[in-house]
1. Find the all-direction average of the projected area of the Cα convex hull for the chain, expressing the result in square nanometres with one decimal place.
2. Decide, for segment 129-238, between rounded, prolate and oblate: order the square roots of the alpha carbon gyration tensor eigenvalues as a ≥ b ≥ c, take rounded if a/c falls under 1.5, and otherwise choose prolate if a/b is larger than b/c, else oblate.
3. Over segment 216-359, calculate the relative contact order: mean separation of alpha carbon pairs under 8 Å at least 6 apart, over the residue count, as a percent.
4. Of Ile5, Ile280, Ala148, whose Cα points farthest to the positive end of the dipole of the chain (charges on the beta-carbon: +1 Lys, Arg; -1 Asp, Glu; origin at the Cα centre)?
5. Please identify the helices of the chain, taking whole runs of DSSP H, that span at least 20 Å along their own axis as judged from the Cα atoms and have a mean Kyte-Doolittle score of 0.0 or higher.
6. Under the rule a/c < 1.5 gives rounded, and otherwise a/b versus b/c splits prolate from oblate, where does segment 214-311 land using the Cα gyration tensor?
7. What FRET efficiency would be calculated for the residue pair Ser114, Arg358, taking the C-beta separation as r and a Förster radius of 56 Å, to the nearest 0.05?
8. Ranking request for peptides 156-167, 123-134: highest mean number of other beta-carbon atoms within 10 Å first, then the rest in descending order.
Amino acid sequence: MEQIIVPKGLDGVIVDDSAICTADSETGQLIYRGYSATELAEKATFEQAAYLIVYGRMPSAEELSGFSAFLKANANISDNTKKIMALMPKDTELIDLMRSVVSLEPNNGTKTDSILLEIAAKMPRIAGDGSRILKGAETLGEIEGGYAERFYYLLTGKKDSTSAKYLERLLILYMEHELNASTFALRVTASTLADPRAAMTTALATIKGPLHGGANDQILNYMVKMGTKGDAVKFVDDKLARREKIMGFGHRIYKKVDPRAQFMKGELKSLSRMKHAEKIYEMAVTIEETVWDRKKLPANLDFYAALCMYMLGIEHTFYTPIFASSRAFGWSAHYMEQITNNKLIRPDSKYVGYRGLRL
Ligand code: COA
């Protein structure tokens, strides 16, 4: 069989068809199942967008209420799971706890799409309870409301529909992004016909890395140290002089503009006005402009997402778990798409090691 050598990191390589999502590097447009993702963020609820991603079309009113009820009914975790969380070392990273907990449960015999959605529905509770249990604090009870309101409550202990709406828009933008690293990893696992829980565990393990979902957790580290625009410019110049990466910048697909980042930039502007913290917005824009000026790299979603979550009073340890919880719906759609038209994903490598050595 003829072999094809592709660029490192599969950069620019199309490996399969997908009807779930496309991100256009030229136009900077992100499409979920035919709809603009930013329009969905503006006008849809989390449940509507999740239904669309998973089932491929917008739900009817009846389908939406059934789906919302399903997510709510499956949002809780067992006492046994909580006991296991309590046995974990107190300094366990939350995303590691989520990965461990998701992998622990047995695969019961229900339908594949139900198992995927049951796992996805529990993620906010795993993150919220997990964080509190690691700190030795009491876990929170349930509140009424949609997915985003319930999630915001688990993250902050506050019932606040305005903040929850900001979170909801971000969650919609985090939900899906075609063959990003965690989704591709999930599809590799799915292609072996491993069960949904195994595939979700793979995805949770992959999203952790700082070049992927872990980036959002590191942005505050540098942002909080800045007092003036001069500090922001110096920070960028120093980083680039040391040839270090600045988290929250650059993207494999978007070379000019990440539409999700620009949407969240608007959200940050509005939040910083509301909270009388305009300086954070100004500093962020200075960093964005300086990185573009020096290196022609656009801000990615994580840059503005991290700052918005900070403004919403959400602890930084939750940032990657929030991303993962929402992306779990994208992962669910990809698992189903992979097994519906499956071929084992198993590339070759070009051997560059020794040959002919003798013992
Ligand atoms: N800060 C500084 N330089 C960066 C950079 C960043 N955030 N992102 C890319 N670059 C530079 C690279 O050093 C490289 O420069 P060179 O050609 O002089 O060596 C060039 O831009 C190309 O980058 P590369 O890492 O090869 O591109 P990629 O498509 O493989 O990587 C990312 C994309 C996202 C992994 C990369 O931009 C990155 O590491 N960003 C920071 C992490 C992050 O924010 N991740 C969240 C993504 S949504």
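1. Taking a quarter of the hull surface, the average projection is 22.1 nm².
2. Note, shape of segment 129-238 comes out oblate.
3. That works out to 31 percent.
4. Of the listed residues, the answer is Ile5.
5. Helices passing the filter in the chain: 112-134.
6. Judged from the Cα gyration tensor, segment 214-311 comes out oblate (a/c at least 1.5, b/c at or above a/b).
7. The calculated FRET efficiency here is 0.50.
8. Highest mean packing first, the order is 123-134, 156-167.
Rule-based calculations on the coordinates, nothing more; no lab input. This is a predicted model, so every value here is computed, not measured. Don't worry about glycine lacking a Cβ; one is built from the backbone with ideal geometry, like all the others, and counts go over all protein chains shown.
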